Every structure is written in structure tokens, then in C-alpha cells.
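This is the structure, below, for whatever I ask next.
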Amino acid sequence: MERLKGKVALISGAAKGMGAVEARMFAKEGASLVLGDVLEDEGAKLALEISAGGASCVFTPLDVRKTSQWESAVTKATSAYGRLDVLVNNAGVTSRMNLLDTTEEDWDRVLDINAKGSFLGIKAVIPAMRKSGGGSIVNISSQLGLVGGDFSSPQYQASKGAVRILTKSVAIQYASEGIRCNSVHPAPIETDMTADVRADKNRLADMVRRIPMGRYGKPEEVAYAVLYLASNESSFVTGSELVVDGGWTAQ
């Protein structure tokens, strides 16, 4: 049985990495898709690939810092499919520096994309979800939205902590309207975002040492968690944190 049959999903940061894996998985599970990203060539290519496989999929340029582009993405979903049921706030950036090396520009860039971007996405989709009779919002946070770390920047950790609490606020405010909101908290995952660390044997060994399961996660392992929260299987789950971290935060 297709777990997202009849649902329309908007995924930000969908051109590559976890977003692309989520998009392909959602398509296999019956969703109609709108993919958003600033990487327009890569995003359009992925939308064509998914469409060629038999699923309904369109691409829209999406800089998550811009209200107008979020509004265009929602309009594209409702124009193409008549409804919007799922938002995955997947777009994000990382940063690795200590606090004293962090400039105001560094701070603002990461908070704008990771935290403000999620806020703007949620604000844009709620009216459409109301018309659809409800929906599911999945925010990609991090294990560093739950605990601190000495190897990552304060702005990255602050942004992911903000996403965690934003999730709970939205969940409480809109639960009575059938709109659910949950966060997913991955530890390091094998994507382009972590390629530089994985290419350095010493840095890789240090990171793996922190993970009880002794390895980085795979994008599919995060995507399955997102799929669960997007589907009706999680119909009584809102305001929660789904941790996909190989045991990192259990220590």
C-alpha cells in the first residue's frame, strides 16, 4: 500500500542530499510533489527524473528566506494539485567555527536559512492546509538541536534548537485544526554537507567516536522517519522529536 497516496507534499532543499532522497521516497509512496530549492538546475532535473518514473512532480525556485518565493511554491502546489497536505522544511546550512570567530554576518546567514526559513515555510502553508482539512509539517532539526557540541558553530546549534521549539509552538497552536508539526533530529548523515569531515580521517574518527552505533547515518534512514511523520500512521503524533542519531543523545 502506498503510504502517501493522495497527498501533496512540498519539500524545501529538495535538489540533493536528504531532500532528494525524501522526494524519491515520497514519490514511490504515492505523493504528488513540489520540489523547492535555490539549486534550480539540479532541482528541475530531479523533478523530471521523478516524473519520468510515473509520479506527479514539479519544481519551483525556492530561497527559504523569501516570503514571496514561499507563496509562489504554495500557489504552485495548489494550482497543480488542488491541495497541500505535507511540508518538509528540509533546507538548511551548516557552519563550523567557535563563538569568538563568529561574525554577525555568519550568525544571521545560518539563522535566516535554518530558523527563519522554517518559520516562513510554516506560515505560508497553514492557510492551504486549512483548506485541505489538515496537514503534516515536518521540520528537519538536528541532534544539536537537543544537545550542545564543541565541534559545531553556536549559530548552527542555536538555529536547530529554535526549530525544535518552533515545532512545539506550531503543534500546540494548530492541533485543533488537524495540522500536525513534528521535528526530526539526525546525527551526522552521509551527504554532501558532511563530505569535508568524512574526507579527513582524524575528523571522521572523532565524529564516529561520538556515535554509539559507530557510523554515520544514511539519508534513507532519515527519510523513513520523515515519511512516517508525513503519513497517516502518525495521526496522533504532534509536537514530538523523532531522533535519528545512532544513539548520540542517549549518552
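Please treat every number below as a calculation from the coordinates, not as lab data. This one's a predicted model, so the numbers in the text were calculated from it and none came from an experiment. Ideal geometry is used to build each Cβ from the backbone, glycine not excepted, and the neighbour counts take in all protein chains shown.
Scanning the range 173-201 for residues that are of a type in the set (V, I, T) and under 20 Å from the mean Cα position of the chain (by Cα), which turns out surrounded by the fewest Cβ atoms within 10 Å (Cβ to Cβ)?
T194
Something else: For the range 82-90, state whether one or more residues are of a type in the set (G, A, S) and crowded, with 17+ Cβ neighbours inside 10 Å.
No, there is no match, as no residue in the range 82-90 is of a type in the set (G, A, S) and crowded, with 17+ Cβ neighbours inside 10 Å.
Could you tell me which of the residues A171, A195, A158, A162 is under 28 Å from E233 (Cβ atoms), out of contact with any strand residue (DSSP E or B) (no Cβ under 6 Å at 6 or more places or on another chain) and of a type in the set (G, A, S)?
Among A171, A195, A158, A162, only A162 is under 28 Å from E233 (Cβ atoms), out of contact with any strand residue (DSSP E or B) (no Cβ under 6 Å at 6 or more places or on another chain) and of a type in the set (G, A, S).
Then there is this: Counting only residues that are of a type outside the set (D, E) and surrounded by 18 or more Cβ atoms within 10 Å (Cβ to Cβ), which one in the range 235-251 is farthest from D85 (Cα to Cα)?
Per the stated criteria, the residue is W248.
Now for a separate question. Please verify whether G54 is surrounded by fewer than 18 Cβ atoms within 10 Å (Cβ to Cβ), in contact with a Lys or Arg (Cβ under 6 Å, 6 or more places away or on another chain) and either of a type in the set (V, I, T) or in a loop (DSSP other than H, G, I, E, B) (or both), treating the condition exactly as stated.
So G54 does not fit the description; no.
Looking at the range 113-141, which of its residues are of a type in the set (S, T, Y) and over 14 Å from A171 (Cα atoms)?
Matches in the range 113-141: S132, S141.
Considering the range 75-89 alone, what residues qualify as being among the β-branched types (V, I, T) and under 11 Å from A9 (Cα atoms)?
T78, V86, V88
Quick one: what pairs do we get from the range 141-154, first residue farther than 17 Å from D206 by Cβ, second in a loop (DSSP other than H, G, I, E, B), C-beta under 7 Å, 6+ apart or different chains?
If the second residue must be in a loop (DSSP other than H, G, I, E, B), the pairs left are P154/T102.
Separate question: What's the number of the only condition in (1) more than 17 Å from the chain's Cα centre (by Cα); (2) buried (at least 18 other Cβ atoms within 10 Å of the Cβ); (3) of a type in the set (S, T, N, Q) that T67 fails to meet?
(2)
How many residues, within the range 117-146, are at negative phi and surrounded by fewer than 16 Cβ atoms within 10 Å (Cβ to Cβ)?
4
What number goes with the only condition from (1) surrounded by fewer than 24 Cβ atoms within 10 Å (Cβ to Cβ); (2) over 20 Å from A223 (Cβ atoms); (3) in contact (Cβ under 8 Å) with a residue 24 or more places away in the chain that V21 does not pass?
Of everything listed in (1) surrounded by fewer than 24 Cβ atoms within 10 Å (Cβ to Cβ); (2) over 20 Å from A223 (Cβ atoms); (3) in contact (Cβ under 8 Å) with a residue 24 or more places away in the chain, V21 misses just condition (2).
Criterion first (in contact with a Leu (Cβ under 7 Å, 6 or more places away or on another chain), in a helix (DSSP H, G or I) and within 22 Å of T191 (Cα to Cα)) does A20 satisfy it?
Here the answer is yes, as A20 does meet what is asked.
Residues that are of a type in the set (K, R) and closer than 16 Å to N89 by Cβ, at least 2 per element: which helices (runs of 4 or more DSSP H) completely within the range 149-251 meet that?
154-174
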